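What follows is one structure encoded as structure tokens, with my remarks underneath.
The values are calculated or read from the model by the stated rules, or taken from the named source; none is laboratory data. Computed from a predicted model, the values in this text were never measured in an experiment. Note: ideal-geometry Cβ built from the backbone for every residue, glycine included; neighbour counts use all protein chains shown.
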Ligand code: ADP
Ligand code: MG
């Protein structure tokens, strides 16, 4: 068997995706590997296929129990001998694991990093041959990564204790340079083959909305998404509880997840979501690292997260199956202040770091927050903004984000800009410096107590923008900072200062135009694919296939997407296989799944064709009835848009 056979037979895929083959070849040649690929790119196959071809065992270190379990059930379903060892095993299961592992019965073993320094595990590692150690979510070793886990440092200690050196492969979706270097250094990768694939996720639509009322906007979006499954991220536990409760009161099927809930409730809620018993997961960022649920149709951020790394990772949980999916961020200025507060208070948690190191961490966090805020306030292409952040050159206009497809009003803000800049100037003249919100309040002529007590209401610029909405003033200030007409300092309480470019505006040399989005635009980009999906969603056969899939998932106690993805079911509708050979042609069907489920799906399809003779598959070389239907459906869908 070679890598292609394994890809087809066990995983049911026709082709390798970008980067997979190169990584696999390098591992098989015995070289260490560092793979940096976005969420959903297919990192698992990059180590699972070599694991099948190497002679010994592959040990996969993974940070979360739920992640391991999902991977192990997926592998087992595909006919690969895999198991995991973690604290959730009972004493009997534990002994059974070691008995079988020592007996070389598993090809792939998942372990939590905490396992590695137990004596039993070391004995086992010396007793068998571990050909490769794979470190998944490898950014957890880096203090500069967004989810540093001290227990990940045990991996290095473990490798050092072994009397032999396995191949080491490490994978992450975090692309920043410091994290990348840390992984290679800390894990002591030996001249690793390093591959970074494009971070673009073309099937994802990115949008930023600045709603007057976030909750109302959220419910509008959820109604639009119909019965799709999705995640709503909030910054705080309290936020999660409030939003989840309101959604349930308003008749949505929502559950919740945050670190303050009991382990029991967290497990239950997570499973309800994964098994499609609950449609919407409202959660803090504690939720998701272990979630490989492939049919997530949308990720809505109710608050702005603290940096772009987190945002791209969380949003990236949408559309892993390659289907069009939405990533929407609901933004307001309060989110920035909340994040600043969280960053300032984070220092108390990291007691192991020196005061200097803490200040360095805080500075980096603030810097990252600044870019996140830019993302929310920019009127340029959102996708290229993020890709540039990750160091990738990209197109200027992606055509699939709210900035590209939005209708903008190009507004002349020269006069406003002059007012804002002279306000900053006047304040500074008086020997004072203030942050964005105080400057906005002065311009607005706010009556807030602090402002009055400081005597700021006597400034000549006080109230000169009283006719302008405060949020418009704030976004104009943001725009001026982004375009370097104003500076925001890096200090603990960032304040506004004039920049070298400020004078141009005061002198009236520059005309300033800012794009202001009108409303959330309609998407056009994915509409053909969506029309196709809609067609299948309404087809009777597709519904029947889904029912069968649910029944099997319940029998086997696995989530539906582990049995087959929606894409595989649609391919069945297209190819209408009625025997095992035909079934084998369906994308996502490997030998094991063909043998296990082929008969049930084929007989369902055969019955369906018998009962619906008009839909019988056309002879070879001709377009099938279903395809013709689809064609006319597409035409109608296009026609009705005009
Ligand atoms: P990552 O770990 O990079 O976030 P996964 O390994 O979980 O991504 O893979 C995401 C999805 O992509 C899975 O549903 C997987 O079946 C699918 N996938 C991976 N490789 C291929 C391939 N070569 N062809 C088709 N689908 C693939
Ligand atoms: Mg993964």
* helices (runs of 4 or more DSSP H) wholly in segment 548-603 with at least 2 residues that are without any contact (Cβ under 8 Å) to a residue 40 or more places away in the chain and farther than 18 Å from residue 73 by Cα - which ones? -> 566-575, 580-584
* Asked: In segment 304-348, which residues are away from ligand 1 (no atom under 15 Å from the Cβ), modelled with pLDDT of 90 or more and assigned to a loop (DSSP other than H, G, I, E, B)?
  -> 304, 305, 306, 307, 324, 331
* Which one is farthest from residue 40 (Cα to Cα) among residues in segment 315-351 that are touching a strand residue (DSSP E or B) at 6+ places or on another chain (Cβ under 6 Å) and within 16 Å of ligand 2 (Cβ to nearest atom)? -> 315
* Asked: Within the set of pairs 6 or more residues apart or between chains, which connect a residue that is in the same structural domain as residue 292 (by TED's automatic domain parsing) inside segment 320-334 to a residue that is part of a strand (DSSP E or B) and within 16 Å of ligand 2 (Cβ to nearest atom) with Cβ atoms less than 9 Å apart?
  -> 320/296; 321/296; 325/296
* Structure fact -> Checking 432, 383, 362 in turn, the sole residue that is free of Cβ contacts under 8 Å to residues at least 60 places away in the same chain and either more than 28 Å from residue 179 (Cβ to Cβ) or under 28 Å from the mean Cα position of the chain (by Cα) (or both) turns out to be 432
* Asked: Mind checking which pairs have a first residue in segment 1-17 that is over 19 Å from residue 108 (Cβ atoms) and in contact (Cβ under 8 Å) with a residue 40 or more places away in the chain and a second that is away from ligand 2 (no atom under 16 Å from the Cβ) and part of a loop (DSSP other than H, G, I, E, B), Cβ under 8 Å, 6 or more apart or different chains?
  -> 14/587
* If we keep just the residues of segment 435-452 that are more than 24 Å from residue 492 (Cβ to Cβ) and part of a loop (DSSP other than H, G, I, E, B), which is modelled with the lowest pLDDT? -> 447
* Structure fact -> Checked 475, 466 against criteria (outside the structural domain of residue 399 (by TED's automatic domain parsing) and modelled with pLDDT under 85); the one match is 475
* Leading residue by the ranking (farthest from ligand 1 (Cβ to nearest atom)) among those in segment 22-48 that are closer than 26 Å to residue 318 by Cβ and assigned to a helix (DSSP H, G or I) -> 23
* Structure fact -> Counted residues in segment 162-209 being part of a loop (DSSP other than H, G, I, E, B), surrounded by fewer than 17 Cβ atoms within 10 Å (Cβ to Cβ) and either away from ligand 1 (no atom under 16 Å from the Cβ) or without any contact (Cβ under 8 Å) to a residue 60 or more places away in the chain (or both) come to 7
* To do: Take segment 286-303 and flag every residue that is away from ligand 1 (no atom under 14 Å from the Cβ) and not in a strand (DSSP E or B).
  => 286, 287, 302, 303
* Asked: Before we move on, is residue 40 on the phi > 0 side of the Ramachandran plot and in the same structural domain as residue 138 (by TED's automatic domain parsing)?
  -> yes
* To do: Would you please list the contacts, defined by Cβ atoms under 7 Å and residues six or more apart or on different chains, that run from a residue in segment 265-288 that is within 19 Å of residue 71 (Cβ to Cβ) to a residue that is in a loop (DSSP other than H, G, I, E, B)?
  => 274/293; 274/559; 275/559; 288/317
* Structure fact -> Among the residues of segment 61-116, the number that are free of Cβ contacts under 8 Å to residues at least 12 places away in the same chain and part of a helix (DSSP H, G or I) is 8
